[in-house]
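The values are calculated or read from the model by the stated rules, or taken from the named source; none is laboratory data. Computed from a predicted model, the values in this text were never measured in an experiment. Please note: Cβ atoms are built from the backbone with ideal geometry, for glycine as well, and neighbour counts cover all protein chains shown. Note: areas computed on protein heavy atoms with side chains; ligands, DNA, RNA excluded. Shrake-Rupley method; radii C 1.70, N 1.55, O 1.52, S 1.80 Å.
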Amino acid sequence: MKLQGKTAVVTAASRGLGKGIALRFAREGARLFIASRSEEAIRRAAEDIREQTGAEVACLAADISRREDADRLLAAIRQKYGAVDILVNNAGGPPAGLFLELDDEAWRQAFELNLMSVVRMTRGIVPLMKERGGGRIVNIISYSIKQPIPGLILSNAMRAAVAGLTKTLSMELAPYGILVNGLAPGRILTDRIRELDRITAAKRGITPEEAAVEAESGIPMGRSGTVEEFAGAALFLASGDASYVTGQMLIVDGGLTKTY
Ligand code: NAD
């Protein structure tokens, strides 16, 4: 087991990529603290992970876009575990929309959800990693850092900001043994992707299934990725196998992104 004895925090973990990563870390021996907005959903996720793995899983309902909730979550993590080895900064995606459709409030919300959540959680957890003499931070971003996605301007802008933050933090925190990387999904099948397919379908007058087939035809591997495949890449970055990897943006996209 690659994370035996490690303590990992995963935000936005009631479903999708966050839940998949939490489950994989638990299978590898980590004890967890997971959070997402709904009390019922995060409790259910924690219970499910416990049942499947026997791991210790603490959980808390917290909206990671709100400073008060992030503070409450950090206090609970400090009280429960004291020190932390791994932090996965994940959050929901901002809404789709074209530039002229989005007002200041939409931009502010995306900033709080996708950038400030990473800033606040990292600021709170780094001292707990120093207690351990090192740590791993994995920021979930998007392949849009290499190839902006039409119609997702909020996400495109915020992910680029998180990539800049990730690279800078990797330099600042390397002397403390804390490695910081970005992990960028292409098209990994989750509720978020199904929702985006529905939006595309409604706009184009096609079915969501047709939208999915069209999207997958642009992927050299010819299919969407699975949450398990994505979680495997997160495990790599969190484990001893990545002991000399920091400041990188690892893209897990079946070859979708046309760049190095
Ligand atoms: P998802 O919608 O399936 O799951 C999102 C999770 O985030 C849920 O657990 C939800 O409860 C939680 N969440 C949402 N807003 C929150 C908040 N304010 N506070 C706390 N928790 C919150 O999405 P996903 O596909 O798992 O995507 C995770 C992230 O990766 C998103 O930011 C998404 O935009 C990004 N992303 C995903 C893909 C993909 O292929 N799935 C591609 C590019 C980017």
Expressed as a percent, the accessible surface of the stretch 11-70 that is carbon or sulfur, using a 1.4 Å probe and the full set of protein chains, is 39 percent
For the stretch 23-124, dividing by residue count, accessible area per residue (probe 1.4 Å) in Å² works out to 49 Å²
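Quote the charge dipole size of the stretch 147-212 about the Cα centre in Debye, to the nearest 20; the model charges only the Cβ of Lys and Arg (+1) and of Asp and Glu (-1).
120 debye
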Gyration tensor (Cα only) of the stretch 124-243 to equivalent ellipsoid, semi-axes in Å sorted down, yields 34, 16, 11
One computes Rg over Rh for the stretch 100-188 from alpha-carbon atoms, with the Kirkwood Rh, and obtains 1.03
With +1 on the Cβ of every Lys and Arg and -1 on the Cβ of every Asp and Glu, the dipole magnitude of the stretch 79-119 about its Cα centre, in debye rounded to the nearest 20, is 280 debye
Of the listed links Lys19/Lys146; Lys19/Lys167; Lys6/Lys258; Lys167/Lys203, those spanning more than 31 angstrom between alpha carbons are Lys6/Lys258; Lys167/Lys203
Here, Glu105 and Ala75, labelled 7 Å along Cα→Cβ, have an inter-label distance in nm of 2.9 nm
GNM on the chain, Cα springs under 10 Å; top mean-square fluctuation among Glu56, Glu210, Glu112 goes to Glu210
At the level of C-alpha centres, the distance separating the stretch 143-197 and the stretch 200-260, in angstrom, is 12 Å
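Lys and Arg at +1, Asp and Glu at -1: add these up for the other residues within a Cβ distance under 12 Å of Ala96 and post the number. Mind showing how you got there, number by number?
Working: positive: Arg192, Arg198, Lys203; negative: Glu101, Glu195, Asp197.
Overall, the nearby charge balance is 0.
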Net charge (Lys, Arg +1; Asp, Glu -1) of residues whose beta-carbon lies under 15 Å from that of Asp241, Asp241 excluded, is +2
Expected field for Phe111, accessible surface area in Å² at 1.4 Å probe radius, rounded to 10, holds 80 Å²
Magnitude of the Cβ-charge dipole (Lys and Arg +1, Asp and Glu -1) of the stretch 112-260 about the Cα centre, nearest 20 debye, reported as 440 debye
Check: C-alpha center the stretch 1-39 vs C-alpha center the stretch 80-137, spacing in Å is 16 Å
Ranking Ala75, Gly218, Tyr143 by how far each Cα lies towards the positive end of the charge dipole of the chain (+1 on Lys and Arg Cβ, -1 on Asp and Glu Cβ), the top one is Ala75
Heavy-atom accessible area with a 1.4 angstrom probe orders Lys6, Lys203, Lys19, most exposed first, as Lys203, Lys6, Lys19
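Of all the Cα-Cα pairs you can form in the stretch 181-238, what percent are over 13 Å apart?
Considering the stretch 181-238, 63 percent of its Cα-Cα pairs are separated by more than 13 Å.
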